[in-house]
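Next up is a structure, given as structure tokens.
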Amino acid sequence: MENIRIGSFIRERRKNLGLTQEQVCDGICDPVSLSRIENNKQTPGRAILDALMQRLGMPDSRYYILSSPEELAIDGLKRKIIACNVTRNAALGFAKVAELQKLTSPGDHLTRQFILRAKAVLEDIDGSYSLEEQMALLEEAIRITCPRFDLDHLQKCLYTVDEIKIIAQIANLYSDSGEHEKATGIFSQLLEYIDKHLDEAVTSGGGLVPMIYFDYARALDLAGHYREGAHFALEGKQACTRWGSYDVLGGCLEIYAECCYFLGEEAESAEAYTQAYYISKAIGRQDDTEIIRREAEEYLGLSLR
């Protein structure tokens, strides 16, 4: 195996992409620090390195760096909080966020950003905050590392995976508040960005693309754009199986089923509802399972048990 100094790799990757140091490090670290990293005079912490590599479109599985006990503890809590988001366990999630806050220094911008994003997700799960309050949290979070963030011109900046997830959450809030066209415009820009910048990075964290397809299809469905919604729901389904990430597989199938119903394709809709129901049931998504069951019965008279 060839060993390459991480700083040299970052410098060469950045130059090959035609990016300035300021573009890559904006909101993550200062240009002086990045210059020292690139010249192998400074070793970045794990969180900083992850963020830099993601902005350069590279998966973190391509490199290795020793982590301190503090970094390992922070990373472990982040993983537990993400698991709480997936299982919709808000109470445990908030407890883990409180633990993470105690370990987070004021200068740790990336973890502070993660905490704000996590709070917005958990508050959506337990309904403790309004859409406006969640939006304020997410906008505060994205501007920690992207102070010039502009929803109408997303291609002007480079983003980490966490930043892309924040932008997707903002789009979902617009959709939930009835601004479906605004939401679909954001998701369209996100997919364009991912296609252009993050093709390799997605392979190491396969949940990102399925999530964006699912959210985009949902927004299109709510906007009444059923043909496009069905298309992106299928793209989401295929992405789930391609990357081995199944969190939104049942959701993609449910959206596809609903879009097919409104397009008059009832046989296709029934098959998709059946698949969505049993997938959601198998992975313990009780709320989703009940929604799918009610929809299938209301639209098609289909009884799923």
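The values are calculated or read from the model by the stated rules, or taken from the named source; none is laboratory data. Only a predicted model underlies this, so the values are computations on that prediction, with no experimental measurement involved. Methodologically, a virtual Cβ is constructed for each residue, glycine included, from the backbone with ideal geometry; neighbour enumeration extends over all protein chains shown.
Do you know which residues across the stretch 247-269 are closer than 19 Å to Phe214 by Cα, surrounded by fewer than 21 Cβ atoms within 10 Å (Cβ to Cβ) and either out of contact with any Gly (no Cβ under 9 Å at 6 or more places or on another chain) or among the basic types (Lys, Arg) (or both)?
Scanning the stretch 247-269 gives Leu263, Glu268.
Of the conditions (1) over 16 Å from the mean Cα position of the chain (by Cα); (2) within 27 Å of Gly76 (Cα to Cα); (3) in a loop (DSSP other than H, G, I, E, B), Tyr159 fails just one. Which one is it?
Every listed condition holds for Tyr159 apart from (1).
May I pose another question? Out of all the residues in the stretch 7-18, which are surrounded by fewer than 19 Cβ atoms within 10 Å (Cβ to Cβ) and either without any contact (Cβ under 8 Å) to a residue 12 or more places away in the chain or closer than 19 Å to Leu110 by Cβ (or both)?
Within the stretch 7-18, Glu12, Lys15, Asn16, Gly18 qualify.
Taking the criterion of being under 20 Å from Gly236 (Cβ atoms), of a type in the set (Gly, Ala, Ser) and either part of a helix (DSSP H, G or I) or modelled with pLDDT under 95 (or both), would at least one residue in the stretch 262-269 satisfy it?
yes
OK, next. Of the residues Asp221, Asp247, which is touching a residue at least 24 places away in the same chain (Cβ under 8 Å), assigned to a loop (DSSP other than H, G, I, E, B) and not aliphatic (A, V, I, L, M)?
The unique qualifying residue is Asp247.
Can you name the residue in the stretch 107-134 that is under 23 Å from Tyr159 (Cβ atoms) and not in a helix (DSSP H, G or I) and, of all such residues, is nearest to the chain's Cα centre (by Cα)?
Asp108
So which of Arg242, Arg294, Arg305, Arg285 is more than 20 Å from Asp215 (Cβ to Cβ), among the basic types (Lys, Arg), in contact with a helix residue (DSSP H, G or I) (Cβ under 9 Å, 6 or more places away or on another chain) and free of Cβ contacts under 8 Å to residues at least 60 places away in the same chain?
Going through Arg242, Arg294, Arg305, Arg285 in turn, the sole match is Arg305.
Report the residue count in the stretch 72-89 for those that are modelled with pLDDT under 90, buried (at least 16 other Cβ atoms within 10 Å of the Cβ) and part of a helix (DSSP H, G or I).
The total comes to 1.
Determine, yes or no, whether Leu190 is in contact with a Phe, Trp or Tyr (Cβ under 9 Å, 6 or more places away or on another chain), of a type outside the set (D, E, K, R), closer than 22 Å to Glu254 by Cα and modelled with pLDDT of 90 or more.
Answer is no for this residue.
What's the number of the condition Leu92 fails, among (1) in contact with a Cys (Cβ under 6 Å, 6 or more places away or on another chain); (2) buried (at least 18 other Cβ atoms within 10 Å of the Cβ)?
(2)
Same structure, new question: Against the conditions (1) over 28 Å from Asp247 (Cα atoms); (2) part of a helix (DSSP H, G or I); (3) not aliphatic (A, V, I, L, M), where does Glu99 fall short? Just the number, please.
(1)
May I ask you to list the residues in the stretch 277-305 that are of a type in the set (Gly, Ala, Ser) and exposed (fewer than 13 other Cβ atoms within 10 Å of the Cβ)?
Passing the criteria: Ala282, Gly284, Gly301, Ser303.
Here is a follow-up. Report whether or not Lys165 is of a type outside the set (S, T, N, Q) and under 23 Å from Arg14 (Cβ atoms).
no
Then there's this: Look at Phe187 and say whether it is of a type in the set (Phe, Trp, Tyr), in a helix (DSSP H, G or I) and free of Cβ contacts under 8 Å to residues at least 24 places away in the same chain.
Judged against the criteria, Phe187 is not a match.
Let me ask something else. Whether any residue in the stretch 101-112 is at pLDDT below 90 and crowded, with 18+ Cβ neighbours inside 10 Å is what I want to check.
No, because not a single residue in the stretch 101-112 is at pLDDT below 90 and crowded, with 18+ Cβ neighbours inside 10 Å.
Next question. Let me confirm something: among Gly250, Gly224, which residue is small (Gly, Ala, Ser) and out of contact with any helix residue (DSSP H, G or I) (no Cβ under 7 Å at 6 or more places or on another chain)?
On inspection, the qualifying residue turns out to be Gly224.
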